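Heads up: the structure comes next, in structure tokens.
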Amino acid sequence: QVQVVESGGGLVQPGGSLRLSCTASGSFFRTSTMGWYRQAPGKQRELVAGITGGDNTNYSDSVKGRFTISRDNAKNTVYLQMNSLKPEDTAVYYCNTRPPLRAMWGQGTQVTVSS
């Protein structure tokens, strides 16, 4: 069974930074395109960043220039470095493949940006 564990969330002031981590089980990881998604209260889950097995990246317009996705295949881990955080970045952040697998949604990690 494929599992992911997200971590690194927390409460941060506007303008601050956080680094999220997602560790996945299974041999699929190294060749899979992975993505970070987020879901804010009352909103649909959205993709914010993706990274291919060859390290090509893409970002939603709302986070471009502020967030950086990376991966360490030796650790089966994908990261999301978030800088210049804004209150509208407040959400539960999840990682999954892209496109996502229903069975692979984890608990997520809460990010709250507030003064």
Within the range 71-115, residues being of a type outside the set (D, E, K, R) and either assigned to a strand (DSSP E or B) or under 11 Å from the mean Cα position of the chain (by Cα) (or both) number 19
For the range 74-89, pairs from a residue that is farther than 19 Å from Ser25 by Cβ to a residue that is open to solvent by 60 Å² or more (accessible area, probe 1.4 Å) and among the aromatic types (Phe, Trp, Tyr), with Cβ under 7 Å and 6 or more apart or across chains, are none
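Residues checked against (1) open to solvent by less than 90 Å² (accessible area, probe 1.4 Å); (2) among the hydrophobic types (A, V, I, L, M, F, W, C); (3) in contact with a Phe, Trp or Tyr (Cβ under 8 Å, 6 or more places away or on another chain); (4) more than 11 Å from Tyr93 (Cβ to Cβ):
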position: Glu6; (1), (2), (3), (4): yes, no, yes, no
position: Val12; (1), (2), (3), (4): yes, yes, no, yes
position: Ser17; (1), (2), (3), (4): yes, no, no, yes
position: Phe28; (1), (2), (3), (4): yes, yes, no, yes
position: Met34; (1), (2), (3), (4): yes, yes, no, yes
position: Tyr37; (1), (2), (3), (4): yes, no, yes, no
position: Gly53; (1), (2), (3), (4): yes, no, no, yes
Based on this model, can you work out whether Thr77 counts as β-branched (Val, Ile, Thr) and open to solvent by 30 Å² or more (accessible area, probe 1.4 Å)?
no
Of the residues in the range 55-69 that are open to solvent by less than 60 Å² (accessible area, probe 1.4 Å) and either touching a Ser or Thr at 6+ places or on another chain (Cβ under 8 Å) or at pLDDT below 95 (or both), the one that is nearest to Pro14 (Cα to Cα) is Arg66
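Condition test on Val111, is it of a type in the set (Val, Ile, Thr), under 20 Å from Gln44 (Cβ atoms), open to solvent by less than 70 Å² (accessible area, probe 1.4 Å) and in contact with an Asp or Glu (Cβ under 7 Å, 6 or more places away or on another chain)?
yes
The values are calculated or read from the model by the stated rules, or taken from the named source; none is laboratory data. Source: prediction; values computed, not measured. Cβ atoms come from the backbone with ideal geometry, glycine included; neighbour counts cover every protein chain shown. All accessible areas refer to the heavy atoms of the entire protein, side chains included, with ligands and DNA or RNA removed. Shrake-Rupley method; radii C 1.70, N 1.55, O 1.52, S 1.80 Å.
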